[in-house]
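Working notes, beginning with the structure itself.
The values are calculated or read from the model by the stated rules, or taken from the named source; none is laboratory data. Please read these numbers as outputs of a predicted model, since none were measured by experiment. Counting neighbours? That spans all protein chains shown, and the Cβs are built from the backbone with ideal geometry, glycine included. Just the protein is used for accessible areas: all its heavy atoms, side chains included, with ligands, DNA and RNA removed. Shrake-Rupley method; radii C 1.70, N 1.55, O 1.52, S 1.80 Å.
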Amino acid sequence: MPLFTEQLFADHLTLPYPEAAVVGDAYYAAPVPDLPLRLRIDFAPTIRAGRYDGLRLQVVHLEQGGIDTAVLSFADYGAFEARDRRCDRKPGQDGYGTFTDWNHSERPPWAGIGVTRLRAAIDQYVRLWIPGAPPVRTGPHPVTAPVPQARTSPSRTR
């Protein structure tokens, strides 16, 4: 079953790195093209096959290999908080803060994920390890500004 990895990174996380690509089920980026450091993000598997409970971030040096790895737990960052509340799942219950790829549907198995807090954590991690990386937008998508309307009443002058 596809994990719709490209859709998650392009449409939901919207990371600002110009040199980036999704290969298989992993996202690779060069946050600062002149540095030999790369970022790799994939889904963090659980002990159960086909179940994921977070994002695994890795900083990789082109010559020295892996430098650091961190896992951002979906539960810790409230990624499925709304879904779990709606399904009355509580911490410690089966499926809390995770998703599975067991169902074969056209919808991503992570549909409904909340990414705001994950984005902020990714930004903190990348900026710690890769100096000069562009900041990740951590708020909601910007709303377009309203178009100014022409005044229909005469203005007052003094």
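Numerical summary
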read-out	value
Ellipticity estimate at 222 nm from DSSP helix runs (n ≥ 4, -39,500 (n - 2.57)) divided over the chain, nearest 500	-3500 deg cm²/dmol
The chain: Cα Rg divided by the 2.2 N^0.38 Å rule of thumb	1.32
Of 37, 95, 65, farthest towards positive along the dipole that unit charges on Lys, Arg, Asp, Glu beta carbons give the chain	95
Cα centre as origin, Lys/Arg/Asp/Glu Cβ charges: the chain dipole, Debye	980
Per residue convex hull volume, Cα atoms of the stretch 1-74, in Å³	98
Accessible surface, per residue, of the stretch 25-126 when the full set of protein chains is kept, probe 1.4 Å, Å²	54
Accessible surface of the chain [probe 1.4 Å, protein heavy atoms]: carbon and sulfur percent	52
Environment charge at residue 48 (Cβ cut-off 15 Å; Lys +1, Arg +1, Asp -1, Glu -1)	-2
Zero-based 10 Å bins, Cα pair distances in the stretch 34-89, whole percents	22, 38, 26, 12, 3
For the stretch 71-114, fraction of C-alpha pairs farther apart than 13 Å, in %	53
Among 41, 122, 130: highest mean-square fluctuation, GNM of the chain, C-alpha pairs under 10 Å	130
Computed lengthening from residue 90 to residue 23, 0.36 nm per intervening residue step minus Cα-Cα distance	20.7 nm
Label-point separation, residue 35 to residue 82 (7 Å along Cα→Cβ), nm	3.3
